[in-house]
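Working notes for the structure below.
Every number here is computed from the coordinates shown, using simple stated rules; none is lab data. As the structure is a computational prediction, the values presented were derived from the model and not from experiment. Virtual Cβ from ideal backbone geometry, glycine too; neighbours counted across all protein chains shown.
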Amino acid sequence: MGFKIFSIIFILSGLFVMWFAVFGKKKEIKEFGTGIPTSIIDFVVMMIYMLFPPFIRRIILFALGLAISIGFTYVLLFI
């Protein structure tokens, strides 16, 4: 039961990220991020994200939301 609730929460968060990527304002997409990077990997990913134009950022966010939704749908259905 715990995995199902956990999966549903993350599926909904993935759908929100996809919705944000499609319908979010350009300024909101540009400011979307994790804040201050805490590790070198987070720093590198944030720098790469900041170098892309907003259209590519939307594609990256949509792909991230899709991956989250598909991954946790798999967890919900098969585990």
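Some observations on this one:
- Between 41, 29, 68, the GNM of the chain built on Cα springs shorter than 10 angstrom shows 41 fluctuating the most.
- For the chain, the mean residue ellipticity at 222 nm estimated from helices alone is -27500 deg cm²/dmol, where every DSSP H run of n ≥ 4 contributes -39500 (n - 2.57) and the total is divided by all residues, rounded to the nearest 500.
- Candidates 43, 52, 32, ranked by Gaussian network fluctuation over the chain, Cα under 10 Å, top entry: 43
- Listed values (1) 1.04; (2) 0.91; (3) 0.99, entry calculated as Rg/Rh (Cα atoms, Kirkwood Rh): (1)
- Residue 56 paired with residue 41, simple spin-label distance in nm, labels 7 Å along Cα-to-beta-carbon: 2.2 nm
- Under the convention that each Lys and Arg Cβ holds +1 and each Asp and Glu Cβ holds -1, the size of the dipole of the range 3-79 around its Cα centre is about 240 debye.
- Think of the chain as a dipole: +1 on every Lys or Arg Cβ, -1 on every Asp or Glu Cβ, centred on the Cα centre; then among 32, 54, 72, 54 lies furthest on the positive end.
- Protection proxy ranking of 58-66, 2-10, 18-26, by the mean of other Cβ atoms within 10 Å over each peptide's residues and highest first, is 58-66, 18-26, 2-10.
- Kyte-Doolittle mean at least 0.5, axial Cα span of 30 Å or more - DSSP H helices of the chain: 2-23, 54-78
- In nm, spacing of pseudo-spin labels at residue 79 and residue 12 (7 Å Cα→C-beta vector): 2.0 nm
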